[in-house]
Amino acid sequence: MSEQQAPSNPLTRFITDDENCWTLEQYQTHGGYDGLKKALTMTSPDVLETIKQSGLRGRGGAGFPTGLKWSFVPQGDDAPSPKYMIVNADEMEPGAFKDRWLLEKSPHQILEGLIVGGFTLQADIGYVFIRGDYYLAIERIEKAIQECYDAGLLGKNIQGSGFDYDIHIHTSAGRYICGEETALINSLEGKRANPRAKPPFPQVAGLWGKPTIVNNVETFCNLPHIINFGPDWFKGLGRCKDAGTKIFGVSGRVKTPGLWELPMGTPIRELIEVHGGGMCDGYKLKGYLPGGGSTDFLTEEHLDTPMDYDEIGKVRSRMGTGTIIVLDDKYCPIEMVINLVKFFAQESCGWCTPCREGLPWGVEILEKIEQGRGEMCDIEQLEALTRFAAPGNTFCALAPGAVEPLQSALNYYRDDFIKHIEQGCCPYEAGEHNHD
């Protein structure tokens, strides 16, 4: 395609009103697998260099540069074999539902990215590690894989290139910790889903001790377009430093909650007020989690912050999944934090003490405050918990992520904590939120 035909919405251009848009026939009608065909005419090092030049950062939450991560995989005749590529489709973050959209509506885009990735690193096998509750997505991924085999896009000598590659689907048992790449690898091996110590990193010794790459659904979806249209085009899509587009979402009491593909660097205000339609009638914005349930609250003063990894970091939160959860003025922020911390406490693998013991302890204190039995010293106890569970004190990032909404709520909504304790009850109107 010419430069003029390069899309501004690469991730969603295959998603149409046609109920069969997810099939191979419809995908190829709109240019699907053109990126793979172009990649197969290149050398694997050239493909990797193109990915590096694009500036693509992982879309799962950490935002690590994809090309740099992949460059750590051993190459050459002496490299360990086999090599594995894994799509992390175990989407369980509270407030996150972006990957499900892509899995259900554009499974071939994910597979194309996974095949491109396999060719780039001369991998042997790809896996789609998918949340077990995503029944429709699982069904469509399975059918899409079979369509690829039937069309010669998977298996031996793909498209006459001499490249052999197989893809398998693995349904997760349904634990949030499986989203951590080494816990995912343990689960895939049939072990308990505990994170592994690093180093060694999976790029060197991952699945069954062999070189392994794990990336998010959305990350893989970008690869065919980068190869097809070039790294300069991809960098030109972003509004700030970060390149490309992103699937952003807004949930909560806004008029039009949903998902949209927009340029990296789109301001939070535009997401909430324009695409999300603004607050529902009778409600005001009190705050929001910009990147899902494991990110720090931001407030109205931060609305003009671009959704860009570095810019969000400057206001002491994280991009995360890019799916904003809105808190309105009639919902108790303490109850919202209880729901989140309780989820993370339940999903802890139990490997390290700050997570295993600290998070349930935090839930106990928060519920005590919410029920009107709190004391001022409880606030100090919660602040201590955020320090105990901070990065560097735990085996993985689950507990630090779990206390991010808590630590920011203590900062921005401290008056609410004090009112609960002084009044001996929740000051928010009964019936406005669920106490179950």
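Every number here is computed from the coordinates shown, using simple stated rules; none is lab data. Everything numeric in this text was worked out from a predicted model, so none of it was measured. Ideal geometry is used to build each Cβ from the backbone, glycine not excepted, and the neighbour counts take in all protein chains shown.
Across the chain, Cα pairs under 8 Å and at least six residues apart give a relative contact order of 15 percent. Among the GluC sites (Glu not before Pro) within region 302-386, those in coil by DSSP and having at most 13 neighbouring Cβ atoms inside 10 Å are Glu375.
Taking amide hydrogens as placed 1.01 Å from N in the peptide plane, the amide H of Ile169 sits under 5 Å from those of Val128, each at least 5 positions away in sequence or on another chain.
Residue by residue, region 141-152 carries 3J(HN,Hα) couplings of 5, 4, 5, 5, 4, 5, 4, 5, 5, 5, 9, x Hz when phi is fed to the Karplus relation 6.51 cos²θ - 1.76 cosθ + 1.60 (θ = phi - 60°); x denotes Gly or Pro.
Centre-to-centre separation between the Cα atoms of region 153-191 and those of region 26-76: 17 Å.
Placing unit charges on each Cβ (+1 for Lys and Arg, -1 for Asp and Glu) gives the chain a dipole about its Cα centre, and among Trp101, Asn393, Ile365 the Cα reaching farthest toward its positive end belongs to Asn393. Axis angle, to the nearest 10 degrees, between helix 217-229 and the longest C-alpha principal axis of the chain: 40 degrees. The string of couplings for region 109-124 from the Karplus curve (6.51, -1.76, 1.60, θ = phi - 60°) is 5, 5, 5, 4, x, 5, 6, 4, x, x, 5, 4, 9, 6, 6, 9 Hz, one whole number per residue in order, with x for Gly and Pro. Under a 5 Å amide H to amide H cut-off, with H placed in plane at 1.01 Å, what residues pair with Thr245 once short-range neighbours are removed? Residues meeting the amide H criterion: Met264. Of the GluC sites (Glu not before Pro) in region 1-49, the ones in a loop by DSSP (not H, G, I, E or B) with at most 13 other beta carbons within 10 Å are Glu19.
For Gly287, nonlocal amide neighbours, meaning residues 5 or more places apart or on other chains whose placed amide H falls under 5 Å from its own, are Leu327.
A full extension of the chain between Phe64 and Ser44 corresponds to an added length of 5.1 nm, given 0.36 nm per residue minus the alpha carbon distance.
Computed from backbone phi with θ = phi - 60° and the Karplus coefficients 6.51, -1.76 and 1.60, the 3J(HN,Hα) list for region 328-345 is 9, 6, 10, 10, 5, x, 5, 5, 4, 5, 4, 4, 6, 5, 4, 4, 5, 4 Hz; x is used for glycine and proline.
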